[in-house]
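As C-alpha cells, the structure follows; a few thoughts come after it.
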Amino acid sequence: KFTLAAGQIADSWPSDGYTLSSTGDPEKLSGSISASADGILVAWEEFYNFNKNIKANIIHWDGSLQWTGGLLLTTAENDQINLELAVDELSQTAFIVWEDFQNGNDLDIVGQFLDLSNNSLYGDNIFICDNDLYQQSPAVRRVNEGYYLIVWEDERGFENEDPVLAGGLDIYAQVVHYADGLKYSTAGVILCQEYHDQKKPQISLLYTDGSEIDNKWLVHWEDMRSSGKADLVNLYGQAIQVADAMTADPSSLMPDQYYIGNAYPNPFNGTVKIDIAIPSLQPVDIAIFNMLGQIVYQEKLLPLSQGVHSFTWNGKDLLQQDISSGLYLINVTASEFQSIRKITYIK
C-alpha cells in the first residue's frame, strides 16, 4: 500500500509486503477495498488436503491480518476454483463465488457469504446452480442492499432441442440475498440462448441515478453465434435491473395479474417512466423499438418482490448514446403476457 501524495509505503506495512499464504501453491488472488472490513478483503485458491479450495483474509489498514493463514471458505471434496468476489457496504456483507467440482462429475456454481460487521462466515456454502452439465466462469456484483447478481456460462446449450440454438454455451443469471437465499429457481434465469458459444460473462455498471439502489447493469460476453466455417467472436450485452417494488397503496402491492400503466411524461425529454404490475417473481423483458422495427434499447427486469415496479428509460441506447427524436414503441413481455405503449421523444 502506497500513499498517492509521496509514494512511500504506508505506516506499519513491511517493505517486502505481507505473506498471505506460504503453503498449497496459492494463486488467482482477488480483492476489494471494504470500509466495513476496515481494509482489503482478499480471496485466493490454495491446495488443501490434496484439492484446490478457497481461502480469504482481510488486510487491515494498520497492516494487520484478520486470520493467521487465512479463513477456509469450504471443506468440500475435489476442486473449488476460479473465484470472484463482491462487497456490499450497506448490509456489511461480502459474497465470494466459485466453480465447484465437489460432485466429481461436473462444475457447479457455489458461493459463501461473509459478515463484515464481525468478520466471520455467514451461514453455509450456497449452491447458486447445480444443474446437470457444466456451469463455469462466474462473475458477481452487488446490485442492491444485501443482494448480489451472479452470471455464468452454462453448458445446457448442448442439450437444446432446437437445432438453431443447440451446440454451445449459454449465459445464465441468479440473484442471491445474504439472509433470504436464492430469489429465482435453482435452474437460474436465461440471459442469452443462441447458436454456438456465449462465454466469459462480465458485469459492468451501465447507469446510475446516484442512489446505489436503482442502478442498471450491463452483462456482456464473448459471442460466437456468427461463426460459420471460421469461428467469429463478437461482443454482446444485456441490460439488467434488479429492483424492488415501489412503495404504493396497499391494495396495489400484490397484483394478481400483469399490467402496465401509461408512459409519463409523454412526450418526454430526459426520462420516461412506465409502471409495471408484477404478480410473481419472474423476469420481465422490456424492448424499445423505433418506427423501422429496430431495437434501440432492451432490458431484463429482475424483480425482488411482487408489486408495482417502475421502469425508467433515459432516451439512450444500450451504449448510452443519444437517440433521435421521434416515435418509439415500448414492448413489455413476461411469461405469457405482452403489452405495448407508444412514446414520443423530443430533444
Report summary line: Scanning segment 311-343 residue by residue, those polar (S, T, N, Q), outside any loop (DSSP other than H, G, I, E, B) and in contact with a strand residue (DSSP E or B) (Cβ under 6 Å, 6 or more places away or on another chain) turn out to be THR312, ASN331, THR333, SER339
Query raised in the report: In segment 34-65, what residues are within 22 Å of GLN80 (Cβ to Cβ), outside any strand (DSSP E or B) and aromatic (Phe, Trp, Tyr)?
Result: PHE50
Query raised in the report: If we scan segment 119-137, do we find a residue that is closer than 26 Å to GLN66 by Cα, of a type in the set (Gly, Ala, Ser) and either touching a strand residue (DSSP E or B) at 6+ places or on another chain (Cβ under 8 Å) or surrounded by 24 or more Cβ atoms within 10 Å (Cβ to Cβ) (or both)?
Result: yes
Report task. Could you figure out which of (1) within 22 Å of ASP154 (Cα to Cα); (2) not in a strand (DSSP E or B) isn't true of LEU90? Result -> (1)
Query raised in the report: Mind checking which residues of segment 324-340 are exposed (fewer than 13 other Cβ atoms within 10 Å of the Cβ), of a type in the set (A, V, I, L, M, F, W, C) and either closer than 17 Å to THR271 by Cα or in contact with a Ser or Thr (Cβ under 6 Å, 6 or more places away or on another chain) (or both)?
Result: LEU327
Query raised in the report: Of all the residues that make up segment 50-72, how many are at positive phi and touching a residue at least 24 places away in the same chain (Cβ under 8 Å)?
Result: 3
Query raised in the report: Counting just the residues of segment 205-264 that are touching a Gly at 6+ places or on another chain (Cβ under 6 Å) and either aromatic (Phe, Trp, Tyr) or within 23 Å of VAL176 (Cβ to Cβ) (or both), which one comes out modelled with the lowest pLDDT?
Result: ALA245
Requested in this report: Just name the residue that is surrounded by the most Cβ atoms within 10 Å (Cβ to Cβ) out of those in segment 34-43 that are touching a residue at least 40 places away in the same chain (Cβ under 8 Å) and farther than 17 Å from LEU73 by Cβ.
Outcome: SER36
**Report entry** All positions within segment 93-110 that are part of a strand (DSSP E or B) and either touching a Leu at 6+ places or on another chain (Cβ under 8 Å) or more than 13 Å from SER137 (Cα to Cα) (or both)
**Finding:** THR93, ALA94, PHE95, ILE96, VAL97, TRP98, GLU99, ASP100
**Report entry** Spans of strands (runs of 3 or more DSSP E) in segment 123-224 with at least 1 residues within 23 Å of GLN80 (Cα to Cα), assigned by TED's automatic domain parsing to the domain that holds ASP79 and more than 13 Å from the chain's Cα centre (by Cα)
**Finding:** 135-144, 147-154, 170-177, 198-207
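The values are calculated or read from the model by the stated rules, or taken from the named source; none is laboratory data. Model, not experiment: these values are computed from the prediction. Quick reminder, even Gly has a Cβ in these numbers, built from the backbone with ideal geometry, and neighbours come from all protein chains shown.
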